[in-house]
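Below you'll find the structure, written out as structure tokens, and then a few comments.
The values are calculated or read from the model by the stated rules, or taken from the named source; none is laboratory data. It should be emphasised that the depicted structure is a prediction, and the values quoted were computed from it without experimental measurement. Counting neighbours? That spans all protein chains shown, and the Cβs are built from the backbone with ideal geometry, glycine included.
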Amino acid sequence: MVHTLTQSITAFLSKQYSTHDLFVQWTVPDGLSHGHLSTPSALRFAKEVGVSPKEIAQMMCDVLQGVPCVERSEVAGPGFVNVWLTPEALLAQLEDVLPVLQPQKTRDEDPVIVEYSQPNIAKPLGIHHIMSTIIGQSIANLYQYLGYNTIRVNHFGDWGTQFGKLAVALERWGEKPVKDCSIDELLALYVRFHDELENDPTLHDAARDTFRRLEEGDQQLRAFWKDVVAVTMDALNRLYERLHVSIEHPHGESMYEDMMAPILEEGLRKGVFTKGEKGAVVIEFPEEMKLPTAVVQKGDSATIYMTRDFAQIRYRIDRWHPHAMYYVVDHAQSLHFQQLFTAVKMLGWELPHLEHIAFGRMRFREKSMSTRKGNILKLEEVLDEAHARAKRIIEERGDAVQTDDPEALAEMMGVGSVIYGVLSQNRKQDVTFDWGSFLSFDGNSAPYVQYTYARSRSVLRKGKWNGEHVLSNVSTADLSETEHLLLKVLMQFPHILEEARSSHMPHILTNYLFELCQRFNAFYNSDPILQSPPPLKGRRLLLTSFVSQILKTGGELLCLRFPESM
């Protein structure tokens, strides 16, 4: 329909003024006073052809009055055009929504790679890890759902001197084999190493020597390292399950151990890498790039994070031939990615699109949520606290919350509140963690979305909805204002999914779901659904069904789970 409106306008104006490549921008205004659709494009057209904006806008209105789907149009302000659609056209827009209520067929094209989470082995996930993990998963979900061949990668830190430190700590203070340790016990050993280091500086050299032997292939240390990785991955996977996170390719930094030497040789041969102080290998960027020198290899021949990032790019290009690679990482790493992306271009590699999807830091409304001295605020503890708080809310509300399984509902609400609370904020800004808003039943929160979904499902069960979306049989008579407003939101769903994907901004989808909940609840409270006469009842059940499916589809893309009753 939007295409029809656009085509009618551009065909007329192109003929009238002999111009081409006209673009009509449409927006969906709030309320109904400015129509179902609005465009400011007359303001731009007027500059191009040297005519008054209001004159162009009036021409557009005159053209639109002859389009069958338009009920009326008007000029507003300095040259805006507002359009009201016929009830038939408005309902017909649901035809465009139907296809995106199911995952799209996978496109026959090169894949996109989304890398996210990136934990360190031998340490539990901190609350800050939820940022990359959840933002990355939701972005990957959007790509995959919309038909992109999507590869999800977890690039975790399973290599480096921290393993030398942990091995030394285990040898000196460990009380049982590493495979029998919990992730918290491994962290305690690591913390103790640093505490003891203050009084015994020789521990530092012992750790470096131990990691050197690990790199050289010491069998006992390799067995130790594998056990540490196994213990950590077991703990990680339990948390990922709670978060509804699935990363198909867990690739540790160690995977690229044998791939770095050829890249170092290539860089030196091409003059991109040079020898720096004390034998280190570095990259000196051209002065106009204003990038500081980057170390690629230490003077003792030890590799670092940058070296392994060169190798992971080379590996992913050779294996998957992607057309884009996205890195969901804290904005504090922006310089690292600027250096990395610039360096691989200097190497002359044939590259896909490379992009750092940056996000801000997490801040806490409650001072007690700040990172604890000598330890980290563990993500598992936060999720457990969210579960406990949600359970208390369920108990306090009594019969107002209907559930056969309060524990399962508390998990959906609690974990969902943390996930949604993060995703509902603009990732480019610092995210504020606030229990009050996260667990609200009234605001932009997971419990509000989950409750609205459960309400819609209850209506459909009571109405014995057959699940069919046969729009040709739906009455268009006497559409109420709340139905108009609900339809306006429903018809935006395909566009919202695409906008959230292309911009990598999950909060666009959360904001949409919140508005949909508000519109549906207003509709539910003002328009009889189950008590309506047959023509109206069928239409209102149909609208309720669309609300239900969109809430669940959109919410699951954001890693939420939904109860059928609540």
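Brief remarks follow.
- Matching residues in region 514-528 - criterion: being out of contact with any Phe, Trp or Tyr (no Cβ under 8 Å at 6 or more places or on another chain), of a type outside the set (D, E, K, R) and surrounded by fewer than 21 Cβ atoms within 10 Å (Cβ to Cβ): Gln518, Asn521, Ala522, Tyr524, Asn525, Ser526, Pro528
- Single residue of Leu460, Leu471, Leu486 found to be more than 30 Å from Ala358 (Cβ to Cβ), aliphatic (A, V, I, L, M) and in contact with a Phe, Trp or Tyr (Cβ under 9 Å, 6 or more places away or on another chain): Leu486
- Scanning region 51-76 for residues being within 18 Å of His34 (Cβ to Cβ) and of a type in the set (Val, Ile, Thr) gives a total of 2.
- Condition broken by Tyr512, with the remaining ones in (1) closer than 22 Å to Pro447 by Cβ; (2) free of Cβ contacts under 8 Å to residues at least 24 places away in the same chain satisfied: (2)
- Residues that are farther than 24 Å from Ser480 by Cβ and crowded, with 19+ Cβ neighbours inside 10 Å, drawn from region 68-99: Val75, Gly79, Phe80, Val81
- Residues located in region 516-540, provided they are hydrophobic (A, V, I, L, M, F, W, C) and at pLDDT 95 or above: Leu516, Cys517, Phe520, Ala522, Phe523, Ile529, Leu530
- Test result for Ser548, in a helix (DSSP H, G or I) and either farther than 19 Å from Gly443 by Cβ or free of Cβ contacts under 8 Å to residues at least 12 places away in the same chain (or both): yes
- Of the helices (runs of 4 or more DSSP H) entirely within region 1-103, those holding at least 2 residues that are more than 27 Å from Pro494 (Cα to Cα) and among the aliphatic types (A, V, I, L, M) occupy 41-49, 53-64.
- Any hit, region 517-533, residues being within 22 Å of the chain's Cα centre (by Cα) and in contact (Cβ under 8 Å) with a residue 24 or more places away in the chain: yes
- Residue count for region 298-311 under the criterion of being surrounded by 14 or more Cβ atoms within 10 Å (Cβ to Cβ), out of contact with any helix residue (DSSP H, G or I) (no Cβ under 6 Å at 6 or more places or on another chain) and either of a type in the set (Gly, Ala, Ser) or over 25 Å from Asp209 (Cα atoms) (or both): the result is 1.
- Scanning region 253-275 for residues that are crowded, with 18+ Cβ neighbours inside 10 Å and not aliphatic (A, V, I, L, M) turns up Glu253, Ser254, Tyr256, Gly267, Phe273.
- Filter result for Asp209 (in a helix (DSSP H, G or I) and farther than 13 Å from Ile121 by Cβ): yes
- Single condition Val245 does not satisfy, out of (1) in contact (Cβ under 8 Å) with a residue 24 or more places away in the chain; (2) surrounded by fewer than 19 Cβ atoms within 10 Å (Cβ to Cβ); (3) in a loop (DSSP other than H, G, I, E, B): (2)
- Residue among Phe433, Phe514 that is assigned by TED's automatic domain parsing to the domain that holds Leu383, over 30 Å from His34 (Cα atoms), under 19 Å from the mean Cα position of the chain (by Cα) and not acidic (Asp, Glu): Phe433
- Qualifying residue in region 22-38 (condition: closer than 27 Å to Leu91 by Cβ, in contact (Cβ under 8 Å) with a residue 24 or more places away in the chain, out of contact with any helix residue (DSSP H, G or I) (no Cβ under 6 Å at 6 or more places or on another chain) and among the hydroxyl-bearing types (Ser, Thr, Tyr)): yes
- Filtered residues of region 287-300 (kept if over 16 Å from Lys275 (Cα atoms) and assigned to a loop (DSSP other than H, G, I, E, B)): Lys290, Leu291
- The lone exception for Gly147 - which of (1) under 22 Å from the mean Cα position of the chain (by Cα); (2) modelled with pLDDT under 95; (3) surrounded by fewer than 16 Cβ atoms within 10 Å (Cβ to Cβ) it fails: (2)
- Failed criterion for Ser502 (all others in (1) farther than 30 Å from Asn82 by Cα; (2) exposed (fewer than 13 other Cβ atoms within 10 Å of the Cβ) hold): (1)
- Number of positions in region 169-191 that are buried (at least 20 other Cβ atoms within 10 Å of the Cβ) and either in contact (Cβ under 8 Å) with a residue 60 or more places away in the chain or not in a helix (DSSP H, G or I) (or both): 3
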